[in-house]
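The values are calculated or read from the model by the stated rules, or taken from the named source; none is laboratory data. In this text the structure is predicted, and so the values were computed from the model without any measurement. Every residue, glycine among them, receives a Cβ derived from its backbone with ideal geometry; neighbour counts consider all protein chains shown. Side chains are part of the model used for accessible areas, which takes the heavy atoms of the whole protein and leaves out ligands, DNA and RNA. Shrake-Rupley method; radii C 1.70, N 1.55, O 1.52, S 1.80 Å.
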Amino acid sequence: MTGTQLLNYPATDSPFRSPNSHSIQLHSVAMTSPIPPLSRAATVTSPQLPLALWPPLDFALGALSCCGACVFTNPLEVVKTRLQLQGELRARGTYQRHYRGVVQALWVVGRTDGLRGLQKGLLAGLLYQGLMNGVRLGFYSYCDAVGVTAAPGGSLMSGAIAGALGAIIASPAYLVKTHLQAQTVEAIAVGHQHNHQGVMSAFANIYWREGMAGLWRGVNGAVPRVMVGSATQLATFSSTKEWVARLQWYSPNSWLVALTAACISGVAVTITMTPFDVISTRLYNQPVDEHHSVSLFSISCCLSPIIIGIAQFTLIFPGLSWLLSTLHSPYTVHP
């Protein structure tokens, strides 16, 4: 091989080459290259966590969205309250059943109380939804933004704590809402009748009769109710939304992804929340004696049938058809 051929011989790996010759060549190329060797690695960025909204804005957006849904679902809330109070502390067959289902109950309430009767307790319901869901969704969004929900069990725990905070803060509004929605004429009345004249009258009457503690009567039933429902809703919605997106039923940014996930999540919420919802309604609506003590239920006696077992399915789940009709979807859909 001539000298010219040796000079033009390709620089391939050979057992006769010096071990440092290849590294020296690479080093010289790197020195003459306009791009530093590590610049490409530096361009790889780690995933960024979503930025948290300003807390007051997050609270307001969550409250407004749920209040809008409340206007349309409030007639079903009235029916649900009547169904859950019907037949309390009475054996089956020993009382008159005024309400036999969602559609029939809507007809009875509308025929007897008028269209305004179907919107009883709306103002208190709006106040409750605004406070409870504003706190609940705002707190959960903050936990999601700081990465708490990404930890194992973090989504479930964040949802439960968010629900408990919302239930405690909004409990007086739910108390008044239950009282007003249970009120009706004697012919179709179920449960105790408190006979309030309106929302402000109800708050004033409860405060002057029972004090500040009376406004939070029944909160011990509301906290497990919203904790179970919120934890189930927020945890299942997030996972279901990811599952629906992976199935590619819709386009990646379609609003149908969130709607489908909300409907599936609502079924899970209905099944887990209904027993606690019955307990909460009856605790809130029960009368108090002259010593400001409840006269019908305590949280322990209400929970005992659930702890022992749900043998009497139809007794523990009155109002289930109402819950299935709403599916909690209006209160579930969020980005």
- Query: Hey, which lysines would be in cross-link range of LYS120, C-alpha to C-alpha under 20 Å, not counting anything within fewer than 8 residues on its own chain?
  - Reply: LYS80, LYS177
- Query: Ignoring ligands, DNA and RNA, what accessible area per residue does region 202-257 give at 1.4 Å, in Å²?
  - Reply: 54
- Note on the structure: Taking every other residue with Cβ under 13 Å from the Cβ of HIS196 and scoring Lys and Arg +1, Asp and Glu -1, one gets +3
- Task: May I ask for log10 I(q)/I(0) of region 119-202 at q = 0.15 Å⁻¹, from a Debye sum over the Cα atoms as equal point scatterers with solvent left out?
- Result: -0.62
- Message: Whole-Hz ³J(HN,Hα) for each residue in region 84-91, computed from phi via Karplus 6.51 cos²θ - 1.76 cosθ + 1.60 with θ = phi - 60°, x for glycine and proline: what do you get?
- Response: 6, 8, 5, x, 5, 6, 10, 6
- Expressed as a whole percentage, what fraction of the accessible surface of region 72-134 belongs to carbon and sulfur atoms when a 1.4 Å probe is rolled over the protein heavy atoms? 61
- Note on the structure: Summed over the other residues with a beta carbon less than 13 angstrom from that of ASP289, with K and R at +1 and D and E at -1, the charge totals 0
- The summed charge of the GLY214 Cβ neighbourhood (under 14 Å; Lys/Arg +1, Asp/Glu -1) stands at -1
